[in-house]
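Have a look at the structure below, then the notes.
The values are calculated or read from the model by the stated rules, or taken from the named source; none is laboratory data. Quantities reported herein were computed from a predicted structural model and do not represent experimental measurements. Heads up, the Cβs are rebuilt from the backbone with ideal geometry, glycines too, and the neighbour counts pull from every protein chain shown. Heavy atoms of the whole protein, side chains included, go into the accessibility calculation; ligands, DNA and RNA do not. Shrake-Rupley method; radii C 1.70, N 1.55, O 1.52, S 1.80 Å.
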Amino acid sequence: RALGILGCCLALALPAAPRGSALRPRRQPRPGGPSADTTCKNLPLDLVFIVDSSRSVRPEEFEKVKIFLSEMIDTLDVGERTTRVAVMNYASTVKVEFPLQTYFDKASLKEAVSRIEPLSAGTMTGLAIQTAMDEVFTEEMGSRPATLNIPKVVIVVTDGRPQDQVQDVAASALTAGIEIYAVGVDRADMQSLRIMASEPLDEHVFYVETYGVIEKLTSKFRKTFCAVNTCALGIHNCEQICVRNGRSYLCDCYEGYTLNPDKTTCSAVDTCAPGRHQCDQICVSNNGSYVCDCYEGYTLNPDKKTCSAMDMCAPGRHDCAQVCLSNDGSYSCGCYEGYTLNPDKKTCSAVDVCAPGRHDCEQVCVRDDLFFSCDCHQGYTLNPDKKTCSSKTRS
């Protein structure tokens, strides 16, 4: 989601801008520093200025940019726990003049800004934004953890057209939760400014005709950063999450919950409804989320979603006396040859191999454990076929 940290009160253009919007005269500061009106108790920010110092920016114009930065610093509530400021300088190369963790007071920041020198030719705006993501918006360099929900803001100041691909880099920055303002001066390419800026564009894209009037943007940014944040002040009626939306706000819900028709309260999503889960067999709702389970005779695979039939005949998993027969996640018992399954369907008893109909002895069946042999009554002798008998007197 867009951070929405900045109010909707910004105008797109200053005097002589392409859209010709009018701007009220800026209040002149009192001698010795900014007026009390310019002191801003803005919301905490991690704010990075990215300034173009390519060959097209003349030395006296670059000095105007530095004055703009200093006046911006004057409007901010600077501090380790409030707004942290970093400045990056770019042309063909990118230089991090100072990261977010270096200075936590206005005097030191302004002194550091006064020492910045322009670089050289080239306008590698995409490289500068990528460097901000890789080297400045990191906890090691002073950017605060995402858990603190401190908005990350970039203000790019340029007078040219980027000489590298800025669209994909800017999209990555916006996806990472970085809010981008694009300030164009003189020959700046408006389309490039719109490509790199956050939505809504009329609140994030600025144009001034010359560096001589860039300071006029200070009052616009001051109003923006000082706009009332309904969510931050807690003056909203959202049950779970408040999302700033210009001068108003919208409600949202935690993962696993959905916004009710009243647009303020939330209800737990039936995460086990068809199509809402990835469980192979059984979905178990769990406080706005879900866990997967399996039918009896199956076990959950390491992916925690799919199931595999258990080897129910593995040692210790069944109670068959002799033979275990697997059957799609279940099992049944059987017996060795010569045994029969008892009514309990588990144990086996030896078969009476000499029971009527179970042997082919003509006269006498002699049981020998699971086997049998034939014999004859007295006065008879067993024939060579080992089954039939002949009378001895006949021989």
> So how far apart, in nm, are the two label points at Asp311 and Thr388 if each is 7 Å from Cα heading toward Cβ?
Replying inline: 5.2 nm
>> Can you compute the FRET efficiency between Asn287 and Thr82 using 1/(1 + (r/R0)^6), with r the Cβ-Cβ distance and R0 = 35 Å? Round to the nearest 0.05.
In response: 0.45
>> I'd like the distance separating the alpha-carbon centroids of the stretch 44-65 and the stretch 232-298, in whole Å.
In response: 44 Å
>> Please report the accessible area of Tyr103 (heavy atoms, 1.4 Å probe, ligands and nucleic acids excluded) in Å², nearest 10.
In response: 50 Å²
>> As I understand it, the dipole of the stretch 352-394 uses +1 on the Cβ of Lys and Arg and -1 on the Cβ of Asp and Glu, about the Cα centre. Which of Gln378, Gly357, Ser391 lies farthest toward its positive end?
In response: Ser391
>> Springs between alpha-carbon pairs under 10 angstrom, Gaussian network model over the chain: which of Glu97, Glu199, Glu362 fluctuates most?
In response: Glu362
> Rg to Rh ratio, the stretch 41-227, alpha-carbon atoms and Kirkwood radius?
Replying inline: 0.92
> Cα gyration tensor of the stretch 158-263, axes a ≥ b ≥ c as square roots of the eigenvalues: rounded (a/c below 1.5), prolate (a/b > b/c) or oblate?
Replying inline: oblate
> Any idea what the dipole of the chain comes to, in debye rounded to 20, about its Cα centre with Lys/Arg Cβ at +1 and Asp/Glu Cβ at -1?
Replying inline: 1260 debye
> Helix-derived [θ] at 222 nm for the chain: sum -39500 (n - 2.57) over DSSP H runs of at least 4, divide by residue count, nearest 500?
Replying inline: -4500 deg cm²/dmol
> What nm distance separates the two modelled labels at Lys304 and Asn149, each placed 7 Å from Cα along Cα→Cβ?
Replying inline: 2.6 nm
> How many nm separate the modelled label positions at Asp328 and Thr138, each set 7 Å beyond the Cα in the direction of the Cβ?
Replying inline: 5.7 nm
> Once amide H atoms are built 1.01 Å from N in the peptide plane, which residues 5 or more positions from Ile155, or in another chain, come under 5 Å H to H?
Replying inline: Val48, Phe49, Ile50, Tyr181
> Any idea what log10 I(q)/I(0) is at q = 0.13 Å⁻¹ for the chain, Debye with uniform C-alpha scatterers and no solvent?
Replying inline: -1.06
>> Amide H of Gln363 versus every other amide H placed in the peptide plane: which residues, excluding those fewer than 5 positions away on the same chain, fall under 5 Å?
In response: Asp375
>> Applying a 10 Å radius around every beta-carbon, put 149-161, 308-320 in order of their mean neighbour count, most first.
In response: 149-161, 308-320
> For Leu370, what is the net charge nearby, where nearby means another residue's Cβ is under 13 Å from its Cβ and Lys, Arg count +1, Asp, Glu -1?
Replying inline: -2
>> Longer than 30 Å from Cα to Cα, which of Lys152/Lys305; Lys152/Lys220; Lys66/Lys152; Lys346/Lys387 are they? Say none if no pair is.
In response: Lys152/Lys305; Lys346/Lys387
>> Compute the distance from the alpha-carbon center of the stretch 140-161 to that of the stretch 94-116, in whole Å.
In response: 14 Å
> Looking only at the stretch 66-103, which residues have a backbone nitrogen under 11 Å from a spot 7 Å from the Cα of Arg115 in the C-beta direction?
Replying inline: 98
>> Between Gln165, Gln378, Gln281, where does the largest GNM mean-square fluctuation fall for the chain, given springs only between Cα atoms within less than 10 Å?
In response: Gln378
> Where only protein heavy atoms count, and the probe is 1.4 Å, what is the accessible area per residue for the stretch 41-227 in Å²?
Replying inline: 40 Å²
> Which net charge results when you count Lys and Arg as +1 and Asp and Glu as -1 among the other residues whose beta-carbon is under 12 Å from that of Asn237?
Replying inline: -1
>> Using a Gaussian network model on the chain with a 10 Å cutoff between Cα atoms, which of Pro118, Pro44, Pro302 fluctuates the most?
In response: Pro302
> Mind listing the phi-derived Karplus ³J(HN,Hα) values for the stretch 289-297, rounded to whole Hz, using 6.51, -1.76 and 1.60 with θ = phi - 60°, and x for any glycine or proline?
Replying inline: 10, 7, 10, 9, 9, 10, 5, 4, x
> Suppose every K and R has +1 on its Cβ and every D and E has -1 on its Cβ; what is the size of the dipole of the stretch 311-351 about the Cα centre, in Debye to the nearest 20?
Replying inline: 80 debye
>> Which order do the peptides 177-183, 205-211, 369-375 come out in when sorted by mean C-beta neighbours inside 10 angstrom, highest first?
In response: 177-183, 205-211, 369-375
